[in-house]
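Mind having a look at this structure? Questions to follow.
The values are calculated or read from the model by the stated rules, or taken from the named source; none is laboratory data. Nothing here was measured: the structure is a model prediction, and the numbers come from that model. Reconstructed Cβ throughout: ideal geometry from the backbone, glycine too, with neighbour counts over all protein chains shown.
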Amino acid sequence: MAFDLIIKNAKTRFSQGELLQIAIHSGKIVKIAPTIDENAVQVIDAKGKLVTESFVNGHLHLCKVYTLAMMDEEAMGAYTDGSMGGAMTAIELAARIKEKYDETWIIENVRKAVKLAVKFGNTHIRAFADVDTKARLEGVKALLRAREEFKDQVEIQVVAFPQDGVVRDPGAEGYIEEALKLGADVVGGIPWIEYTDTDAQTHIDTMFALAKKYNKPVSMLIDDAGDPTLKTLEMLAVTTIKNGWEGRVTAQHSRAMALYPEPYYRKIEHLLKRAQIGVVSDPQTGPLYARVKDLYKAGVRIALGQDDIADAYYPFGRNNMLEVAFLAAHLMWMNSRQDMEILYDLITTNAAQALNIQGHTLSEGGNADIVVLNAESVWESIWSHEAPLHVIKNGKEITAK
């Protein structure tokens, strides 16, 4: 039989320097061996470069990309203050941009960002769209449109996200349900932004009711401020278990975790494992971040995300997960070779687990979502954070020209 694609002279993270050949057929990796005698429709010579799973971005506010130029920097200043005490104020300030929301200009920004994802080998994105009484359905419509346009290059999971709350934004719940009817993939949430713990639990319960009604996974921005008394991560984990939604929930940020007393952190770590919740941390977009290394060692589904690209919260970003890992290496002092291997997991295999993406592994039977890097090791790839030489999605080359 002729394979669709063979990658030859490939170095992998686990081949101990040996060069391998990787055969792909019908979107799957079907054979990995030192020599493959069968023919293929296409052959890529990796020339000894590192070949791995493609990159996964578990958190991107895709409807907001490139909107920084449309507003002042007041919101960013409030969000990135050293103690993150002004995080809620930042969200309130940033909401002003949504008065101008229109699908026609949002889609152009989205296309630009997704094309960068293709360039940098980022083939899976959990993309948040603000859906509330200000944004209405303009952002989610743009993301659903992009999901269809780029379906053969990037898997975009569209999150219907009530950025301004549910209890404190009456009418947001109805818009979220409309977004799900339009085809949104994931139910979002941001319970910590509510004014009381009771309202935060109502927020979570309301979104879980929609998730169960439409059989959708859940992604919530959790405890995104410098306040160790925030408890919505605990609420989310307990609610997940009560609803039998284990393995179908992710918590983005969880920055307050950095300030938890150790006994309380240990309880949360246990709850996260029991609920099989994925945690996506974005250390480059704020001065606090989840205890990434501890969570990884504990076996929690921990990942890194881009979070923002040139919006009210963060002025940079290229949809380049190697760049995110590079920044995280500095911010979290993960500079050893072993640490860099962990960081690489956090943007590939671990990131896929956090989003419950099945088969994202460079092994026989795995999905043929692959990058051939312009580097020979994980260390070099994070050091240079260059675009891959080849990007493969569903067994087909999609490398940006």
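In the set Gly286, Gly247, which member is surrounded by fewer than 22 Cβ atoms within 10 Å (Cβ to Cβ), touching a residue at least 60 places away in the same chain (Cβ under 8 Å), of a type outside the set (D, E, K, R) and in the same structural domain as Asn122 (by TED's automatic domain parsing)? Can you show your working first?
Values: Gly286 fails: surrounded by fewer than 22 Cβ atoms within 10 Å (Cβ to Cβ).
Among Gly286, Gly247, only Gly247 is surrounded by fewer than 22 Cβ atoms within 10 Å (Cβ to Cβ), touching a residue at least 60 places away in the same chain (Cβ under 8 Å), of a type outside the set (D, E, K, R) and in the same structural domain as Asn122 (by TED's automatic domain parsing).
Within the stretch 1-118, which strands (runs of 3 or more DSSP E) (wholly inside it) include 2 or more residues that are in contact with a strand residue (DSSP E or B) (Cβ under 8 Å, 6 or more places away or on another chain), buried (at least 22 other Cβ atoms within 10 Å of the Cβ) and touching a residue at least 40 places away in the same chain (Cβ under 8 Å)?
Those strands (runs of 3 or more DSSP E) span 3-10, 20-25, 51-53, 55-60.
Related question: Consider Ala400 carefully, then state whether it is surrounded by 17 or more Cβ atoms within 10 Å (Cβ to Cβ), aliphatic (A, V, I, L, M) and either in contact (Cβ under 8 Å) with a residue 12 or more places away in the chain or not assigned by TED's automatic domain parsing to the domain that holds Asp307 (or both).
It is false that Ala400 is surrounded by 17 or more Cβ atoms within 10 Å (Cβ to Cβ), aliphatic (A, V, I, L, M) and either in contact (Cβ under 8 Å) with a residue 12 or more places away in the chain or not assigned by TED's automatic domain parsing to the domain that holds Asp307 (or both).
The conditions are (1) among the small types (Gly, Ala, Ser); (2) part of a helix (DSSP H, G or I); (3) crowded, with 22+ Cβ neighbours inside 10 Å, and Ala329 fails exactly one of them. Which is it?
Condition (3) is where Ala329 drops out.
Shifting gears a bit: Hey, Ala312 hits all of (1) surrounded by 15 or more Cβ atoms within 10 Å (Cβ to Cβ); (2) hydrophobic (A, V, I, L, M, F, W, C); (3) modelled with pLDDT of 95 or more but one; which does it fall short on?
With respect to (1) surrounded by 15 or more Cβ atoms within 10 Å (Cβ to Cβ); (2) hydrophobic (A, V, I, L, M, F, W, C); (3) modelled with pLDDT of 95 or more, Ala312 is out only on (3).
If you don't mind, another one. In this structure, does Thr206 turn out to be closer than 18 Å to Arg168 by Cα, touching a residue at least 40 places away in the same chain (Cβ under 8 Å), of a type in the set (Ser, Thr, Tyr) and surrounded by fewer than 24 Cβ atoms within 10 Å (Cβ to Cβ)?
Yes, satisfied.
Right, next: Collect the residues in the stretch 332-359 that are outside any loop (DSSP other than H, G, I, E, B), of a type in the set (Ser, Thr, Tyr) and within 22 Å of Ala400 (Cβ to Cβ), keeping them in residue-number order.
Tyr344, the sole residue that qualifies.
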